[in-house]
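The values are calculated or read from the model by the stated rules, or taken from the named source; none is laboratory data. Remember, predicted model here, so these are calculated numbers, not experimental data. So basically every Cβ, Gly included, is an ideal-geometry build from the backbone, and we count neighbours across all protein chains shown.
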Amino acid sequence: MNPPVYNGRKPHMSDRRFVRTVVLSLTLLCLLATSSAASNWSGAEMEFTGKIASITGPAAVSLIIRNHSSLVESDVTAIAAELRSEFVGAGLRLVAADQAAASVEVTLSENVQGYLWIAKVQQGANTPVVTMIKLPRAGPAVAARKTTQMAIAKIHLWSQDDRILDVGVIDSPPRLMILEPERIVLYSRLSSGQWQQDQEFPISHVRPWPRDLRGRLVLRKDHLFDAYLPGVACAASSAGTLSVDCNQSDDPWPLGGGAFALNAFFSPTRNFFTGVLTPGVGKQNTVTAFYSAAPIARDKYALWVFAASDGQIHTVDGIRDLAVPTTGWGSEVASVKSSCGTGWQLLATSNSDGNRPDTVRAYQFPDRDPVAVSEAVDLGGPVVALWTEQSGSTALAVSRSLRTGRYEAFRLAISCGE
Amino acid sequence: MKPFGWQLVAASSLSLALAHAEMRPQYGGTAHMLLGSAPNSLDPVSPQADPFTAGKLLHLIYDTLVSINDSDNIQPELAVSWEVDKDRKHWRFRLRPGVKFEDGSPLTADLVATSLRQVNTWSVFPEGDSIEIDLQQADDLLPAELSLTKNAIVKRNESAPSGTGPFRVGKWESGKRLVLTANEEYWGGRPFLNSVEIEFGSSYRDQETALELGRADLVEIATEQARRLETGARHVSESGPLELLALVFAHEAQSTNESKLRQALTLCIDRISIRDVLLGGQGDLAAGILPNWITGYEFLFATEMDVRKAQEARGEVSQAPVWMLGYNSRDPISKVVAERIALNARDVGLRVQLASGANADVQLVRIRLESMNPGIALKTAAVRLGLPEPKLEGVSMQQVYEAEAALLQGQKIIPLFHVPVVYGVGGAVKGWKARLDGSWPLTDVWLGH
């Protein structure tokens, strides 16, 4: 008898190809992040120089540039070089201070809004004239991770200011679905690689959303997706023009599919599952209220892991409900199937009170107790969602960056390493 | 001046030993808070002895149309959108639907207009699901002004004012104790906590003891004690350095001689020693009314101590009057800072004597900035410092700089320090995210296991 599977992997993608794809994607993303950071100041130098030139006129000026901001030295050097070039282009002649008709002191400063470039222009004994421009602060970059025996490959999918509850990804043709508190937005990828918004569908709800709002997008075979929010369920149309219908509903949310089909009721006014399961794990129809759950395949059954709202991790096998010893686990778990180790890994977030970045680490359950099998991957902020994707071999994580405040979506996969 | 440390933004926290895995936010429980000062009233229009603390507290009960986030961006609150016409005088704010007051009645444009008219001279009138505000003069700062506590939306009943905020008033013993309970119907989602109990009138020492003994979850910490407490197993939370310590003269400099003497006083104060020794190393040396982290331009105003220049300026004036320096005698830090300034002044031939009461020539004041918006912060600070109203016609940083430079030029004020507001946070409190503006994120905190 074949071991039960969560969901079949796409037949055209082998394990080695999968790992290569992940590594390649990470490399490309790193390169993209580097190149975008270098071009942040485009146009700003010209505007700033124009303001200075309007004060000095075409004159011989001395220039001093200071950095009072969090800009790194390489950025300051690049900005200084570009400013000098713009000065010449604006008809200003850079000379030593004792030969200058005007001295210009440029300070790269910053405030809560962003960067502030300030020029103090001194012409003879006149009162100095101050001019300034403001610029947005730069965005985040994707950091590469070192690999160990087993590693979590992290692919950055999406980033936005608005809150993300969950994301759905269709690889071919590339489409991205973003579940937000008030709408579901669909994007498709252009041949240029850019994402373009296709459609958005509002989510109607009568009650105010609970704080720490959660939601889940589930891709379907007979229609595009279902979306679950506390007390609300939405379904995409199955035929014709795509539409989404949202209704007040206390229907249970799906936790797993295929051989691991399990649904659980979610509290409509809180941020957790009530603990009532349908159809249940074996003979167990209720467990302690929990935040997340994931199955680990065994030879003849599935071991379900629950991150309970009482702060403990429970394993449920259909007969017994055991609290397992864990150190520093958070409230999100998701399982992934891989070609590494025992073939099934549990991804679990680290503990956090929202002020420190969460990490995700992979664990295996050789017996009852979890054993860490990977280094922790930093997701930059608290993880607000972690769900297994339909393929079963990857998980989607959403975090809120502590550095930028933006919501970031990642795809996580297990890489077997060297 | 050191660059602002974004990694240290507003908060320093020590890791806590965790017996349990920390999970998603949990609902329930009561947080206990101790404060030194009590609000005079729970009505936002009432004048407050400590407007900063009262403002933070009242924002738990009332909402404003908009708020300002840590990046000085205007955020929707009771207004979901707004627009202004070309001449920047006619504003329209569309209200959030489905919001209810504490008494269960719905938020309406009529009630919002009535609330705003009570504290402003603007022409405010309801228009469908919106309110419209007509101004005499163009004012781009209006949205930021609407985020101030005085502009909180209040429905005034016969019994008590009613708000739409995340908490409701459970019990109010004026000046002593306030119990807030979670608003189950809050449009932004019910707070995680069931209730917050706040006791007023505790000294810093009592507050610290209560935190240590686990009798309080949140307390105020004296600025100069912050570093000491950070070395213990406590969680210390700081705002951005938004409290201004400054010398404020009774009037602007009236003559060249007076101007030179004030310049001498400005140059002789050993700010670094005062900060490092008396203020426990907390805060930044101030040269402007607004701190550099809010404006980015404060460094343009010189702050360096220069005894030689101070002596030269003093030497150019034959007769120097005795300045009476007033301070808050109930604040021990003000006393020692004033004493140190008097010593520094004596070293350059200035005569400064400490005084209490209102007969002082110059006063050592401490004010906390009430807004993260530079324009509004400057305006409200000027009022509290008794400075002329700054001429601000727009919101650009250039305009704010020019307005602040004009205020400083009058030499009525000598800025000294910007220090953070510090809170002690108990180990059971989770999700406390210190904000730059020093507000209390009680809506988002929960109590751990």
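The figures follow:
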read-out	value
Condition met for residue B:273 (away from chain A (no Cβ under 14 Å), closer than 30 Å to residue A:121 by Cα, touching a residue at least 12 places away in the same chain (Cβ under 8 Å) and of a type in the set (Ser, Thr, Tyr))	no
Residues of the range A:118-132 satisfying the condition of being in a strand (DSSP E or B) and either more than 9 Å from every other protein chain (Cβ to nearest Cβ) or charged (D, E, K, R) (or both)	A:119, A:120, A:121, A:122, A:129
Check on residue B:164, assigned to a strand (DSSP E or B) and either more than 24 Å from the chain's Cα centre (by Cα) or not aliphatic (A, V, I, L, M) (or both)	no
Enumeration of residues in the range B:146-190 that are surrounded by fewer than 19 Cβ atoms within 10 Å (Cβ to Cβ), within 14 Å of another protein chain (Cβ to nearest Cβ) and touching a residue at least 12 places away in the same chain (Cβ under 8 Å)	B:185, B:188
Residue among B:87, B:139 that is within 24 Å of the chain's Cα centre (by Cα) and either assigned to a strand (DSSP E or B) or closer than 30 Å to residue B:400 by Cα (or both)	B:139
The range B:191-205, residues that are of a type outside the set (Phe, Trp, Tyr) and either at pLDDT 95 or above or part of a strand (DSSP E or B) (or both)	B:191, B:193, B:194, B:195, B:196, B:197, B:198, B:199
Residue match in the range B:222-232 (condition: within 14 Å of chain A (Cβ to nearest Cβ), buried (at least 21 other Cβ atoms within 10 Å of the Cβ) and either at pLDDT below 95 or out of contact with any strand residue (DSSP E or B) (no Cβ under 8 Å at 6 or more places or on another chain) (or both))	no
Residues of the range A:177-195 satisfying the condition of being modelled with pLDDT of 95 or more and part of a strand (DSSP E or B)	A:177, A:178, A:179, A:183, A:184, A:185, A:186, A:187
Residue that is nearest to residue B:198 (Cα to Cα), among those in the range B:42-90 that are surrounded by fewer than 19 Cβ atoms within 10 Å (Cβ to Cβ) and polar (S, T, N, Q)	B:46
Given (1) within 14 Å of another protein chain (Cβ to nearest Cβ); (2) crowded, with 17+ Cβ neighbours inside 10 Å; (3) farther than 23 Å from residue B:404 by Cβ, number of the condition residue A:79 does not satisfy	(1)
Residues being of a type outside the set (A, V, I, L, M, F, W, C), surrounded by 13 or more Cβ atoms within 10 Å (Cβ to Cβ) and more than 26 Å from the chain's Cα centre (by Cα) - total across the range A:224-251	3
Residues (assigned to a helix (DSSP H, G or I) and either away from chain B (no Cβ under 13 Å) or at pLDDT 90 or above (or both)) located in the range A:62-74	A:74
Filtered residues of the range A:327-345 (kept if within 14 Å of another protein chain (Cβ to nearest Cβ), crowded, with 21+ Cβ neighbours inside 10 Å and of a type outside the set (Phe, Trp, Tyr))	A:330, A:331, A:332, A:333
Qualifying position, being buried (at least 19 other Cβ atoms within 10 Å of the Cβ) and not in a strand (DSSP E or B), among B:416, B:392	B:392
Odd one out for residue B:93 among (1) more than 30 Å from residue A:135 (Cβ to Cβ); (2) surrounded by 20 or more Cβ atoms within 10 Å (Cβ to Cβ)	(1)
Members of the range A:390-412 that are within 8 Å of the chain's Cα centre (by Cα) and not in a loop (DSSP other than H, G, I, E, B)	A:397, A:398, A:399, A:400, A:407, A:408, A:409, A:410
Breaking point among (1) touching a residue at least 24 places away in the same chain (Cβ under 8 Å); (2) over 25 Å from the mean Cα position of the chain (by Cα), for residue B:256	(1)
Cβ-Cβ under 6 Å pairs, at least 6 apart or on other chains, the range B:286-299 side at the interface with another protein chain (Cβ under 7 Å from one of its Cβ atoms) and part of a loop (DSSP other than H, G, I, E, B), far side buried (at least 24 other Cβ atoms within 10 Å of the Cβ) and of a type in the set (Ser, Thr, Tyr)	B:296/A:109; B:297/B:401
Single match in B:385, B:378, B:436 (criterion: in contact with a strand residue (DSSP E or B) (Cβ under 8 Å, 6 or more places away or on another chain) and away from every other protein chain (no Cβ under 11 Å))	B:385
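Results for (1) modelled with pLDDT of 95 or more; (2) assigned to a loop (DSSP other than H, G, I, E, B); (3) more than 18 Å from residue B:362 (Cα to Cα), shown as yes or no for each residue.
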{"residue": "B:247", "(1), (2), (3)": "yes, no, no"}
{"residue": "B:252", "(1), (2), (3)": "no, yes, no"}
{"residue": "B:261", "(1), (2), (3)": "yes, no, no"}
{"residue": "B:265", "(1), (2), (3)": "yes, no, no"}
{"residue": "B:277", "(1), (2), (3)": "no, no, yes"}
{"residue": "B:282", "(1), (2), (3)": "no, yes, yes"}
{"residue": "B:304", "(1), (2), (3)": "no, yes, yes"}
{"residue": "B:318", "(1), (2), (3)": "no, yes, yes"}
